[in-house]
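Chemist: Below is a structure I'd like to ask you about.
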Amino acid sequence: MSGNLRLSVALLLAAVAPSQAQSREPLIVDAKLGTQLTVAQIQRVVVGNTLSWGAPGATRFQFVGRDGMLRGGDDKGKRYTLKWHFRRYDNLFCLDSGDPASSGCVQLLRQGDQISYRRKDGVVELTATVVRGNARGL
């Protein structure tokens, strides 16, 4: 590879890399739910902690493991495991159950110790309290 071509490729890579690391969409701010978290904030606030919320007939919880696994359940004994990852270009938290109908990505909005899963169409899936660590031993 000629010196000029190597320099051109290096300049192109340097120009593209920073833009891929930054969000291409503005963060959502909601008066009730708070501000959308960035990937770095999700890693700090959510990953390694438990989310807990009330649902009809049960208390539900999810532990977001640093290993890319989300372990969840309820106080009635139901348990499940999902894979999670980030979609970095728009700061989304994605869950993969293996079934496209029950998998997808959400914005995480924070208001105090409350985290809301909000779809991009504005529908709020849940609002949970952040509990430090693996509070339910999942």
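The values are calculated or read from the model by the stated rules, or taken from the named source; none is laboratory data. Computed from a prediction, not measured in an experiment: that's the story for all the values here. A quick note on method: Cβ atoms are made from the backbone with ideal geometry, for glycine too, and the neighbour counts reach across all protein chains shown.
Chemist: What tally of residues in the stretch 82-98 results from selecting those that are free of Cβ contacts under 8 Å to residues at least 40 places away in the same chain and of a type in the set (F, W, Y)?
Modeler: The total comes to 1.
Chemist: If you take the residues in the stretch 69-103 that are of a type in the set (G, A, S) and surrounded by 13 or more Cβ atoms within 10 Å (Cβ to Cβ), which one is farthest from Q114 (Cα to Cα)?
Modeler: Within the stretch 69-103, the match that is farthest from Q114 (Cα to Cα) is S97.
Chemist: For the stretch 35-45, name all the residues that are over 16 Å from V124 (Cβ atoms) and not small (G, A, S).
Modeler: Correct list: T38, V39, Q41, I42, Q43, R44, V45.
Chemist: Out of everything in the stretch 121-138 that is under 18 Å from G65 (Cα atoms) and assigned to a loop (DSSP other than H, G, I, E, B), what residue ends up being modelled with the lowest pLDDT?
Modeler: Going through the qualifying residues, I end up with L138.
Chemist: I've got another one for you. Being modelled with pLDDT of 95 or more, within 30 Å of R24 (Cα to Cα) and not polar (S, T, N, Q) narrows it down to one residue among R118, R60; which is it?
Modeler: Answer to the selection: R118.
Chemist: Related question: Kindly indicate the residue of the stretch 31-63 that is among the β-branched types (V, I, T) and in a helix (DSSP H, G or I) and also nearest to Y89 (Cα to Cα) among those meeting that condition.
Modeler: Going through the qualifying residues, I end up with V39.
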